[in-house]
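Undergrad: Pasting in a structure now, in structure tokens, and then I'll have a few things to ask.
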Amino acid sequence: MSDRSPSTRSSTAPSTSGSEPDPAVVCESVSREYRRGRDGGTRVVALDGVSLSVDPGTFLAVTGPSGSGKSTLLHLLAALDTPSSGRVLLAGTDTAAVSERRRTRLRLDHVGVVFQRFHLLPSLSARSNVALPLVERGVPKRERHARAEDLLSRVGLGDRVDHRPGELSGGEQQRVAVARALVNDPDLLVADEPTGELDSETGRVVLDLLGEVAEDRAVVVASHDPAVGERADRHLSLLDGRRVDDDE
Amino acid sequence: MSEPGAEPGPDHPGSAPDGESARDDRARRDGGSAPTAGGSRRARWLGVAGLAVRRSLSPAGRGGSRQTALTVLGVAVAVATTLVVASVALALVSGPAVAGTDAAYWIVPGGSASSAVTAVEGQRLGRVHATSERIEGFDGVERATPVLFALTRVEADESAPYVLVVGVVAHPGGTVAGLPTDALAPGDPFYANGSYAGTWTGEAVLSTSAARVLDVSEGDPVALGGARGAAAGGVRVTRVAEPAASGVGQFPVALVHLAELQSVTGAAGTDSADQILVRASPGADVRERLAGIYPNSEVLTQGGLLRQRAVDSRLPVAVSVAGLIVGVVVGALVVATALGFELLADAPQRAVMAAVGLSGRSRLWLVAVQGLTVTLAGGLVGIGLWLGAVGLANLVSTRLLDGGLVARLHPAIGAYGVGVALLVALLAVPYLLVLGGRTNALDRLEGS
């Protein structure tokens, strides 16, 4: 994480000068509230005034008990959701200030997402799952497949490109999901409990993979798994939506 | 990136050099293979469409293969029903003269093509014997025969039902109303150059249904046109035959010599008939010459006659339109309901697509193509069902009910089936788009 003040950054254009890389994502006093209950009268604060900045080359572990706001923070970082107050700057763009269409494009251009339950499309091969984001870019089929096969080889699944998710183990599916998250060469990769459904050995393989990814991009992982904390080089702890521990 | 758990390989990413972004460095490292934002829109639409087709037809697709199968089956039944109705309607407009003759052209009085089959009243052609002989002299014409239709009582020992009596000039190997003319003496002996004093053959070929209603068999006498027919001369059944083509159905038909029927019906005075059937050599086009034979006459080909009669005849058209409306509405309801449920179940997967960057437009295009694919698949299966249903109906009709073909197969009806499926998709897909557009990525991902 950077120690720069997030508030000094532009909301629309990241700086391009200087030797330090631009942060992949910046949160400025971000809060997220939900209205619950039949009449929407119950106010739930999922995240409360969290600020952070994540630079490329950072492996950030977000930890905390269930309900502490880990997933909410990841959703905000990945532009899957927008804050109730504060700002999330993804590639210099305020995610709440743009349309849903633009947010989708931001995700396509700058974010890779890995889910706990893999969320691969069961009817598609591993190759097609990985190539899915490239479809939106209008990349020709041959090129899509070549890039997907290349990534699958790099995650050790070069001999599984034609297998469907149902024919792969949990660890293999999660590696396919990581490859899919990387296929657009994102600046930021967020992973929500990526080892939550894996045994310890398979989880270690996936974490090693994420560690390699983090060498030249920002990786943010939310997890209960102590192994994630051991693997990460930065840590952020949440409790009741507030940041309670930061090792920066 | 190297194999998981292994040490970083030679292609392992290093830190970005000063002045260059990490993305640029990664792209350089990957040999310039990093994707750019400038992809082709066509490739994008095609890619999403391919994705939709694979998801629609894949047995592992969406966990909703049963819903897909039900949708395909529902559309298939709707399309097949529509096509069967169209086939029956086509059989209705395919009257005996059309379906049961080997003629290439019909010369009929102008005004209505429906006269080609059973115009027992209305305009007729005159001097038909001489005209037919003249036509037979044309290059490319093999033979021509005038045909007179008379819906008249035919008396047998114990019954006198109405029978469609068809008067013809007999030619070896000829077929009219599905019945063979070579069971009659060649030519038209009673005509005798217009004197109507030649040999009265008294021959009649009966369809099986006519023989059944008259309760006669070969060799039995019958009388045409009541007392007048009996006075002119008796008729004896020379052959009972199953009509060779569709369109006759179970309606009783009798084939006799033209001049003998003319004398019974009073048409001998002007030597008139309802039409002249002309058989031409393959490849010969004599339509222009035939058109000049009679003023105010029409020359029809078999295909043209079917089309014109389909338009002129209201009942088959009404039946077809009703079948189309029912089929399209039922098909659209099936698609909207079954695929609608499937879309709701499929929402988490579309949410994943949204999460990885597929735009709303792409996801709607995906839904549209899925709806179209499933509907067209149903249409193709429906065409198969239609073929089977028509074959079965005709088999039952001809073998068990002793009738003719009740439905006709035609390639155009198959193409019509594809059109019906497209119409179903056109009605159902907008509803699916509304449903598909309600997907919220985050809600669906959290709820899955």
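What follows is calculated from the coordinates using simple rules that are stated; it is not laboratory data. Fair warning: this is a prediction, and the values are worked out from it, not measured in the lab. Cβ coordinates were reconstructed from backbone atoms using ideal geometry, including for glycine residues, and neighbour counts include every protein chain displayed.
Undergrad: When the label point is put 7 Å from the Cα of residue B:162 along its Cα-to-beta-carbon vector, which residues of the stretch B:177-210 have a backbone N closer than 16 Å?
TA: B:210
Undergrad: Distance between Cα centroids, the stretch B:391-430 to the stretch B:153-205: provide it in whole Å.
TA: Spelled out, the Cα-based centre of one part sits 36 Å from the other.
Undergrad: Determine ³J(HN,Hα), in whole Hz, for all residues of the stretch B:426-435 in sequence, where each value follows from phi through the Karplus function 6.51 cos²θ - 1.76 cosθ + 1.60 and θ = phi - 60°; x replaces Gly and Pro.
TA: For the stretch B:426-435, the Karplus curve yields 4, 7, 8, 4, x, 5, 5, 5, 4, 4 Hz.
Undergrad: How many Cβ atoms of partner chains, on average, are near each residue of A:126-137 if near means within 10 Å of its Cβ?
TA: Other-chain Cβ atoms within 10 Å of each residue's Cβ, averaged: 6.
Undergrad: When DSSP assigns beta bridges and you keep just the ones with both residues in chain A, what percent turn out antiparallel, to the nearest 5?
TA: Antiparallel bridges: around 55 percent, rounded to the nearest 5.
Undergrad: Next question. Between helix A:126-136 and chain A, what is the angle of the helix's C-alpha long axis to the longest principal axis, kept within 0 to 90° and rounded to the nearest 10?
TA: On a 0 to 90 degree scale, this one is about 50.
Undergrad: A further question on this structure: Could you give me D for chain A, from Stokes-Einstein at 25 °C and 0.890 mPa s, where the hydrodynamic radius is the Kirkwood radius over C-alpha pairs? Units µm² s⁻¹, please.
TA: 133
Undergrad: While we're on this one: Net charge around residue A:170, counting only other residues with Cβ within less than 11 Å of its Cβ (Lys, Arg = +1; Asp, Glu = -1)?
TA: Within the 11 Å Cβ shell, the charges total -1.
Undergrad: Moving on. State the extension gain, in nm to one decimal, for the chain segment bounded by residue B:46 and residue B:400, taking 0.36 nm per residue of separation less the distance between their alpha-carbons.
TA: Taking 0.36 nm per residue and subtracting the Cα distance, the gain is 122.2 nm.
Undergrad: How do A:68-81, B:423-436 rank on mean C-beta neighbours within 10 Å, highest first?
TA: Per-residue mean Cβ counts within 10 Å order the peptides as A:68-81, B:423-436.
Undergrad: What order do you get for B:328-338, A:200-210, B:291-301, A:130-140 when each peptide is scored by the mean count of other beta carbon atoms within 10 Å, highest first?
TA: A:130-140, B:328-338, A:200-210, B:291-301
Undergrad: Right, here's the next one. Need one number: nm distance between label points at residue B:73 and residue B:361, each 7 Å from Cα along Cα→Cβ, rounded to one decimal.
TA: Result: 3.9 nm between the two label points.
Undergrad: Now a separate question. Per-residue HN-Hα couplings for the stretch B:83-89, Karplus 6.51 cos²θ - 1.76 cosθ + 1.60 at θ = phi - 60°, whole Hz, x for Gly and Pro?
TA: 6, 5, 4, 5, 5, 5, 4
Undergrad: While we're looking at this one, here's another question. Describe numerically, in nm with one decimal, the distance between label points set 7 Å from Cα along Cα→Cβ at residue A:141 and at residue B:289.
TA: 5.6
Undergrad: Let me have the 222 nm mean residue ellipticity of chain A computed from DSSP H runs of 4+ only, each contributing -39500 (n - 2.57), with the sum over all residues rounded to the nearest 500.
TA: Per the formula, -9500 deg cm²/dmol.
Undergrad: Shape of the stretch B:253-305 from its Cα gyration tensor (a ≥ b ≥ c, root eigenvalues): rounded if a/c is under 1.5, otherwise prolate when a/b > b/c, or oblate?
TA: Judged from the Cα gyration tensor, the stretch B:253-305 comes out prolate (a/c at least 1.5, a/b above b/c).
Undergrad: Taking the 0 to 90 degree range and rounding to the nearest ten, how far is the long axis of helix A:100-110 tilted relative to the main principal axis of chain A, both from C-alpha atoms?
TA: So the helix axis and the longest Cα principal axis differ by about 60 degrees.
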